[in-house]
Amino acid sequence: MASSSAPRVRFAPSPTGYLHIGGVRTAMFNWLWAKKLNGTFVLRIEDTDQERSTEESRNVILDAMRWLELDWNEGPEVGGPNGPYFQMQRLPLYREFADRLISRKLAYRCFCTKEELDEKRTALKAQDPKAQFRYPGTCRDRQDQPDKPFVIRFRTPETGSVTYDDLVFGTITTPNTAQQDFVLVRSDGVPLYNFGAVVDDVSMGITLVARGREHMVNTPPQIMICQALGYEPPRFAHLPLMLAPNGEKLSKRHAAVSVGEYQAMGYSPMGVLNYLVRFGWSFGDEEIFSREDLIRKFDFANVGKADGKFDPKKFADVAFEHLKRPDLTSVPRYQEMVRPFLAEIGIADPPEPKLAKAIPAIRERARSLKEAADALSYFFKSPVFDEKAKKKFLTPESATRLGELRSLLAPLDAWDEASLETAITGWLAAKNLAIKDVAQPARVSLTGRTVSPGLYEVLAVLGKEESLARIDQGIRFASA
RNA sequence: GGCCCCAUCGUCUAGCGGUUAGGACACCGGCCUCUCACGUCGGUAACACGGGUUCAAUUCCCGUUGGGGUCGCCA
């Protein structure tokens with residue numbers, strides 16, 4: 001399927017927590033690029049931090065990816081020709097690549113202990129807090145000491161520079177003096193990020209690495225490793241950062257940052273994706289996109305360079321737009337998404353036809369699926385009365401009106417919105433009344449509250465029998 | 001501090017030498033209206049600063065200022 005020009009991209013989260021919305025944006029940009037160009041999206045789990053990696057976190061991340069419908073062509077559970085897709089299962093490969101570098105003197109064993117180095121580092125910092133500690137090169141040319149544990153360090157060239165052409169930032173040049181002899185493999189044989197990522201990227205045939213700008217500093221060392229290994233480096237695209245409203249690094253201190261929280265709040269997957277895609281990327285003046293739109297329109301050429309600040313209000317609005325518009329969220333899809341939220345409030349199995357009729361009535365006044373469930377509740381359960389509303393609108397005088405309304409409705413055969421409107425407006429005209437004279441008492445009777453969709457819509461969704469029963473109850477309350 | 005990056009309304013952004021600097025969110029008014037929404041009309045609001053280049057700079061170059069990333073046997 002994939003032609004030779006089709007990109008191979010990847011998303012490589014570490015399973016050390018939830019899936020952060022910044023990570024979602026990175027994953028999505030990669031995914032969009034693969035979809036657009038018929039490429040391959042690889043999901044790789046970077047679990048080399050054994051202290052912090054957990055299986056639970058891995059599952060949370062995979063679930064979030066699935067919820068967002070960012071499907072991967074190769075990776076956990078789907079497999080693929082370049083597996084395994086968990087770094088801890090690829091240890092022999094890293095060993096092999098590291099040995100290659102050592103035998104060519106491009107890397108060397110370092111027997112300095114972490115303690116020794118930490119001591120030197122803290123001593124230096126104590127002397128001059130602004131000084132940067134660099135590995136002094138103690139083991140660069142030292143003979144092997146077979147009994148002692150060692151890390152493997154990269155022999156960084158002392159002159160020259162690394163230049164690459166970033167798809168977003170353009171040409172970036174970094175002097176090699178900015179680098180030290182960094183560690184490739186820990187003393188326990190587990191690779192560090194820069195080495196593991198490069199070995200995997202080259203062995204998995206990754207052609208473009210798109211990731212957050214915080215990784216820009218890792219790119220020159222990674223290119224060095226890549227070239228030392230004898231591979232052509234992939235291309236890079238760094239994405240501007242999503243900061244908190246106050247300009248700090250966005251964390252849970254500032255806002256909800258995990259996908260799971262937005263799912264729980266009742267945002268739709270496309271609501272989440274649409275907000276995040278517009279963060280750093282634009283397509284003229286367009287704000288709202290369907291998934292298909294995005295695949296067609298996305299391009300790294302339209303990714304901006306400036307960091308931005310997260311805006312929960314805008315996020316909520318974009319999410320709402322997706323829920324509101326039938327062209328973006330079909331009624332069946334809406335039903336499927338709102339059902340878990342209905343279940344949460346005790347409406348376990350709402351009948352499909354009624355739900356399908358109710359959704360168009362509430363969708364433009366529910367900013368989230370959670371609000372939608374609430375707005376839908378009285379269609380499926382007895383209304384819960386707002387006491388203040390009851391007192392204000394279900395009065396003895398309104399009892400008369402409600403009685404008349406009931407008499408009007410009781411003989412009606414046609415019970416659709418248009419017929420109800422015709423019948424009721426005719427009656428009002430004959431009685432020289434306005435709809436507002438009867439709407440609120442009727443609304444409170446039918447829904448238990450003062451806020452709801454239009455009266456005719458509510459009646460139509462509720463059906464004749466239920467509507468009459470609720471009006472009767474309203475009359476009883478009003479007369480009491 | 002070293003290295004790297006960035007700079008248009010409060011926020012997300014359009015703009016790719018000549019525009020009344022556009023859109024969206026938020027905010028403030030009006031309209032619509034059976035409530036609430038939706039919708040709709042309008043308003044407030046931005047090119048950080050200083051030098052160049054050019055007939056002409058928001059746009060190109062340099063500097064200043066401001067902001068950010070990163071300096072681990074984390075990723």
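The values are calculated or read from the model by the stated rules, or taken from the named source; none is laboratory data. Model, not experiment: these values are computed from the prediction. Glycine also receives a Cβ, built like all others from the backbone with ideal geometry; neighbour counts cover every protein chain displayed.
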Which members of the stretch A:315-332 meet the condition of being part of a helix (DSSP H, G or I) and either acidic (Asp, Glu) or within 14 Å of RNA strand B (Cβ to nearest atom) (or both)?
A:Phe315, A:Ala316, A:Asp317, A:Val318, A:Ala319, A:Phe320, A:Glu321, A:His322, A:Leu323, A:Lys324
Suppose the filter is out of contact with any His (no Cβ under 9 Å at 6 or more places or on another chain), aromatic (Phe, Trp, Tyr) and either more than 16 Å from RNA strand B (Cβ to nearest atom) or within 23 Å of A:Leu459 (Cα to Cα) (or both); does A:Phe341 pass it?
yes
Would you mind listing the strands (runs of 3 or more DSSP E) fully within the stretch A:130-175 where at least 2 residues are within 34 Å of the chain's Cα centre (by Cα) and within 15 Å of A:Asn218 (Cα to Cα)?
A:161-166, A:170-175
List the residue pairs whose Cβ atoms are under 9 Å apart, where the first residue sits in the stretch A:401-416 and is more than 20 Å from A:Ala358 (Cα to Cα), the second is outside any helix (DSSP H, G or I) and at pLDDT 95 or above, and the two are 6 or more positions apart or on different chains.
A:Leu402/A:Leu394; A:Leu409/A:Trp415
Can you find a residue in the stretch A:461-470 that is within 15 Å of A:Ala389 (Cβ to Cβ), of a type outside the set (Lys, Arg), in contact (Cβ under 8 Å) with a residue 40 or more places away in the chain and crowded, with 21+ Cβ neighbours inside 10 Å?
no
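Could you check the stretch A:119-170 and list, in sequence order, the residues that are among the polar types (S, T, N, Q), under 29 Å from A:Arg104 (Cβ atoms) and modelled with pLDDT under 95? Steps first, please.
Going through the stretch A:119-170, the residues among the polar types (S, T, N, Q) turn out to be A:122, A:127, A:132, A:138, A:143, A:145, A:156, A:159, A:161, A:163.
Filter once more, so that each one left must be under 29 Å from A:Arg104 (Cβ atoms): A:132, A:138, A:143, A:145, A:156, A:159, A:161, A:163.
Scanning the stretch A:119-170 gives A:Gln132, A:Thr138, A:Gln143, A:Gln145, A:Thr159.
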Does any residue in the stretch A:206-218 that is more than 14 Å from A:Gly23 (Cβ to Cβ) come within less than 6 Å, Cβ to Cβ, of a residue that is assigned to a helix (DSSP H, G or I) and among the polar types (S, T, N, Q) six or more places away or on a different chain, and which pairs are these?
A:Asn218/A:Asn194
What single numbered condition from (1) over 30 Å from A:Ala306 (Cα atoms); (2) within 39 Å of the chain's Cα centre (by Cα); (3) touching a residue at least 60 places away in the same chain (Cβ under 8 Å) fails to hold for A:Arg104?
(2)
A:Ala306 meets each of (1) exposed (fewer than 13 other Cβ atoms within 10 Å of the Cβ); (2) under 21 Å from A:Phe380 (Cα atoms); (3) hydrophobic (A, V, I, L, M, F, W, C) with one exception, condition (2)
Consider only pairs whose beta carbons are under 8 Å apart and that are at least six residues apart or on different chains; among these, list those whose first residue lies in the stretch A:107-124 and is β-branched (Val, Ile, Thr) and whose second residue is away from RNA strand B (no atom under 11 Å from the Cβ) and part of a helix (DSSP H, G or I).
none
Please find, within the stretch A:261-303, the residue that is nearest to RNA strand B (Cβ to nearest atom) out of those that are crowded, with 19+ Cβ neighbours inside 10 Å and among the aromatic types (Phe, Trp, Tyr).
A:Phe279
Contact list please: Cβ distance under 6 Å, first residue in the stretch A:231-247 and more than 14 Å from A:Ala210 (Cβ to Cβ), second residue part of a strand (DSSP E or B), pairs at least six apart or on different chains.
A:Leu243/A:Lys309; A:Pro245/A:Lys309
Output for the stretch A:188-205, where each listed residue is near RNA strand B (Cβ under 9 Å from one of its atoms), surrounded by fewer than 22 Cβ atoms within 10 Å (Cβ to Cβ) and either without any contact (Cβ under 8 Å) to a residue 40 or more places away in the chain or in a strand (DSSP E or B) (or both):
A:Asp188, A:Asn194
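Among A:Thr219, A:Thr174, which is the only one that is surrounded by fewer than 18 Cβ atoms within 10 Å (Cβ to Cβ), within 13 Å of RNA strand B (Cβ to nearest atom), at pLDDT 95 or above and closer than 30 Å to A:Asn82 by Cβ? Working first, answer last.
Working: A:Thr219 fails: surrounded by fewer than 18 Cβ atoms within 10 Å (Cβ to Cβ).
Step by step, each of A:Thr219, A:Thr174 is checked, and only A:Thr174 is surrounded by fewer than 18 Cβ atoms within 10 Å (Cβ to Cβ), within 13 Å of RNA strand B (Cβ to nearest atom), at pLDDT 95 or above and closer than 30 Å to A:Asn82 by Cβ.
Being under 25 Å from A:Ser290 (Cα atoms), without any contact (Cβ under 8 Å) to a residue 24 or more places away in the chain and buried (at least 16 other Cβ atoms within 10 Å of the Cβ) narrows it down to one of A:Leu70, A:Leu32, A:Leu43, A:Leu62, so name that one.
Working: A:Leu70 fails: without any contact (Cβ under 8 Å) to a residue 24 or more places away in the chain; A:Leu32 fails: without any contact (Cβ under 8 Å) to a residue 24 or more places away in the chain; A:Leu43 fails: without any contact (Cβ under 8 Å) to a residue 24 or more places away in the chain.
Checking each option against the conditions leaves just A:Leu62.
Every residue in the stretch A:441-471 that is of a type in the set (Ser, Thr, Tyr) and either near RNA strand B (Cβ under 10 Å from one of its atoms) or modelled with pLDDT under 95 (or both), please. Lay out the reasoning, then the answer.
Of the stretch A:441-471, the ones of a type in the set (Ser, Thr, Tyr) are A:445, A:447, A:450, A:452, A:456, A:467.
Once the filter is applied, which keeps residues that are of a type in the set (Ser, Thr, Tyr) and either near RNA strand B (Cβ under 10 Å from one of its atoms) or modelled with pLDDT under 95 (or both), the stretch A:441-471 yields A:Thr447, A:Thr450, A:Ser452, A:Tyr456.
For the stretch A:399-418, enumerate the residues that are part of a helix (DSSP H, G or I) and not acidic (Asp, Glu). So that I can check it myself, show each step before the final result.
Of all residues in the stretch A:399-418, those part of a helix (DSSP H, G or I) come to A:399-409, A:417-418.
Answer for the stretch A:399-418, where residues must be part of a helix (DSSP H, G or I) and not acidic (Asp, Glu): A:Ala399, A:Thr400, A:Arg401, A:Leu402, A:Gly403, A:Leu405, A:Arg406, A:Ser407, A:Leu408, A:Leu409, A:Ala418.
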Sole exception among (1) surrounded by 18 or more Cβ atoms within 10 Å (Cβ to Cβ); (2) over 22 Å from A:Lys357 (Cβ atoms); (3) more than 14 Å from RNA strand B (Cβ to nearest atom); (4) not charged (D, E, K, R) for A:Val438, by number:
(3)
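Table: residues versus (1) surrounded by fewer than 18 Cβ atoms within 10 Å (Cβ to Cβ); (2) among the small types (Gly, Ala, Ser); (3) at pLDDT below 95; (4) in a helix (DSSP H, G or I).
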| position | (1), (2), (3), (4) |
| --- | --- |
| A:Tyr334 | no, no, no, yes |
| A:Pro340 | yes, no, no, yes |
| A:Gly346 | yes, yes, no, no |
| A:Lys354 | yes, no, no, yes |
| A:Ile359 | no, no, no, yes |
| A:Arg367 | no, no, no, no |
| A:Phe379 | no, no, no, yes |
| A:Ser382 | yes, yes, no, no |
Would you mention how many residues in the stretch A:248-260 are touching a residue at least 60 places away in the same chain (Cβ under 8 Å) and within 13 Å of RNA strand B (Cβ to nearest atom)?
1
